[in-house]
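Let me begin by presenting the structure, written as structure tokens, before commenting on it.
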Amino acid sequence: MGLTFILSCGQAEEPARKDSRLKVIATTFPLYDFAREIGGDKVAVTMLLPPASDAHHYELKPNDIVRVSKADIFLFTSFEMEQWAYKIINVASEKTNMLAVETGQGAALLPLPLSQDRDSGPSSLQHENDPDHTSRFDPHIWLDFANAQKMIDNIATAFINRDPQNSEIYLQNAGDYKRKLTELDIRYRGALSNCKTRTILHAGHWAFAYLANRYQLHYRSAYNMSADAEPSPQQMVDLIEQVKAQKLAYIYYEDLFAPKLARTIASETGAGLLKLSNGHDISKKDLQEGVSFIMLMEKNLVNLKKGMQCP
Ligand SMILES: [Zn+2]
């Protein structure tokens, strides 16, 4: 009798009904947030990478494959962004009928710049289990809001594929969200059209080329695809010279990696520091506070306007 009581007590927190929501697992923050927006209360979305991970060099944990295998849908950006996705898809799709979705399919791609340092440069980015396949494309596609819309369509299509009953809801939410991205794009274009300088000097990794390309800005970063190799002393000198030569009032930093380098350049040049979010590096604090992709991009616009002295 007593034992039965304890057992039923222990199970009291289990949901009484089976959760009928689509189980979606997304690699990084932009996809996670897009999926939440499109899915609303019809999907249960989790993010695979913990906040503050280096998405470009993520090391899969044994439990990750288990987590992905349990999902109905696995969202990743592209094999350029998540080189390790091959591995997870191969293993997980053997076990289940999990749908793997390359959300960046159909996006307009920009090439990576040719690297000065061939060994560590972005142009030598290689696929983990396909060493002959060297990626030439910049993976930060969501920073072009037209590409972000393409990703929204791909995610909505996947949700409809797995859950056709709720297709109208997914289409409605996707349409609403794409309108918000269009409005954001118009605001960016207007705000950044007439600035004193048009240079984004970023003391972080190569991430903002899509944004720069879309609004005709010049972009220079201190690091290549990840902030794990320090720029050489000569590269540091070049960066400092560029800030001085172009009389840049501000330079940009990313807060998860290498803020120290940004502070060094700032103190050498007298430039101020402003934060830019690349979308995929998300802090634990931001995540807990419920930040959205659009909120991050709105903050970016404020700092871009300030940094480039736009009216
Ligand atoms: Zn990145």
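In plain terms, the C-alpha convex hull of the stretch 20-185 casts an average shadow of 10.2 nm² when viewed from every direction. Note on the stretch 20-185: with charges restricted to the Cβ of Lys and Arg (+1) and Asp and Glu (-1), its dipole about the Cα centre is near 560 debye.
If packing is taken as the average count of other Cβ atoms within 10 Å, what order do 57-64, 42-49, 18-25 fall into, highest mean first? Could you put the intermediate results ahead of the total?
Values: 57-64: 12.2, 42-49: 19.4, 18-25: 16.4.
Final packing ranking: 42-49, 18-25, 57-64.
Taking the longest Cα principal axis of the chain as reference, the axis of helix 29-39 is set at about 50 degrees. Relative to the longest principal axis of the Cα atoms of the chain, helix 233-245 runs at roughly 70 degrees. This model, with +1 at the C-beta of Lys and Arg and -1 at the C-beta of Asp and Glu, gives the chain a dipole about its Cα centre of some 960 debye. A viscosity of 1.002 mPa s and a temperature of 20 °C, combined with the Kirkwood radius over Cα pairs in Stokes-Einstein, give a translational diffusion coefficient for the chain of 102 µm²/s. For the residue pairs LYS178/LYS306; LYS150/LYS244; LYS95/LYS178; LYS70/LYS299, the C-alpha atoms sit more than 32 angstrom apart in LYS150/LYS244; LYS95/LYS178; LYS70/LYS299.
What 222 nm value per residue comes from the helices of the chain, counting each DSSP H run with n ≥ 4 as -39,500 (n - 2.57) and dividing by all residues, nearest 500 deg cm²/dmol?
On the way: 11 runs with 132 residues, N = 311.
Result for the chain, helices only: -13000 deg cm²/dmol.
If you take the charge dipole of the stretch 20-185 about its Cα centre, with +1 on Lys and Arg Cβ and -1 on Asp and Glu Cβ, which of PHE79, MET98, PRO50 is farthest toward its positive end? Going by the charge dipole, the pick is MET98.
How fast does the stretch 198-259 diffuse by Stokes-Einstein, in µm²/s, taking the Kirkwood radius from C-alpha pairs at 4 °C and 1.567 mPa s? List each step's numbers first, then the result.
Details: Rh = 12.0 Å.
Translational diffusion coefficient: 108 µm²/s.
Residue farthest toward the positive end of the dipole of the chain, with Cβ of Lys/Arg at +1 and Asp/Glu at -1: which of GLY279, LEU192, PHE29? Of the options given, the answer is LEU192.
Throughout, read-outs are computed from the coordinates displayed, never taken from laboratory work. As the structure is a prediction and not an experimental result, all values here were calculated from the model. All Cβ positions, glycine included, derive from the backbone under ideal geometry; neighbour counts span all protein chains shown.
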